[in-house]
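Here's the structure, in structure tokens; my notes come after.
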Amino acid sequence: MDKFWLNFAFEIGFFSLLGILYYFYQKRKIVRYEENKTPIVINFLMQNCLAEKLDESQPQLDRLIESLDDYLNHKMANPPLSLLREFTQMPECSPELKKVILEGLRELER
């Protein structure tokens, strides 16, 4: 009977150690995501703007894409959030792109 309790205590200790290691692993993943959240969201917004761009000239959208690219290439210190908000109010912005941009802005404000 003593061997049973010894094995049981060993298993409890082993699984507790695995649980603690998994906790720290997940915590590190969450912290890394929060550190890199802004570039990830800005990159997603830029890809959506590029998908929306037509062959014809769209100066407002071109300006937005350039500023997003400048931020991603570290030419600007802060993301162009005001420019994104401005663009959603313009008639050139499609409803689908407006919805994506507003959701991205909400994510960045969290």
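Annotations for the structure displayed:
- By the helix-only formula, in which each DSSP H run with n ≥ 4 contributes -39500 (n - 2.57) and the sum is divided by residues, the chain has a 222 nm mean residue ellipticity of -28500 deg cm²/dmol.
- Overall, segment 27-110 carries a charge dipole of about 680 debye about its Cα centre when +1 sits on the Cβ of Lys and Arg and -1 on the Cβ of Asp and Glu, all other atoms neutral.
- Dipole of the chain, positive direction: furthest Cα of L6, L72, V41, with charges on the beta-carbon: L6
- Accessible-area composition of segment 6-110, carbon plus sulfur, in percent [1.4 Å probe]: 59 percent
- Crossing angle, helix 95-109 versus the chain [Cα axis fit, 0-90 degrees, rounded to tens]: 50 degrees
- Accessible area per residue for segment 1-79 is 81 Å², calculated with a 1.4 Å probe on protein heavy atoms, without ligands, DNA or RNA.
- Remark: relative contact order (the chain) = 27 percent; criterion is Cα-Cα distance under 8 angstrom and separation of 6 or more residues.
- Degrees separating the helix 59-72 axis from the principal Cα axis of the chain, which is the longest one: 30 degrees
- Projected label points at L81 and Y33, each 7 Å from Cα along the beta carbon direction, are separated by 2.1 nanometres.
- Spin-label model, T88/M1: points 7 Å from Cα along the beta carbon direction are separated by 6.8 nm.
- Taking the chain as the region of interest, the number of lysine pairs whose Cα atoms are within less than 25 Å, with members eight or more places apart or on different chains, is 9.
- Short to long, the 10 Å bins of the Cα pair-distance histogram for the chain hold 12, 33, 18, 11, 9, 8, 6, 2, 0 percent of all pairs.
The values are calculated or read from the model by the stated rules, or taken from the named source; none is laboratory data. Here the structure is a predicted model, which means the values were calculated and not measured. When we count neighbours, we look across all protein chains shown, and the Cβ atoms used for this are built from the backbone with ideal geometry, even at glycine. Calculation scope for accessible area: heavy atoms of the full protein, side chains included, ligands and nucleic acids excluded. Shrake-Rupley method; radii C 1.70, N 1.55, O 1.52, S 1.80 Å.
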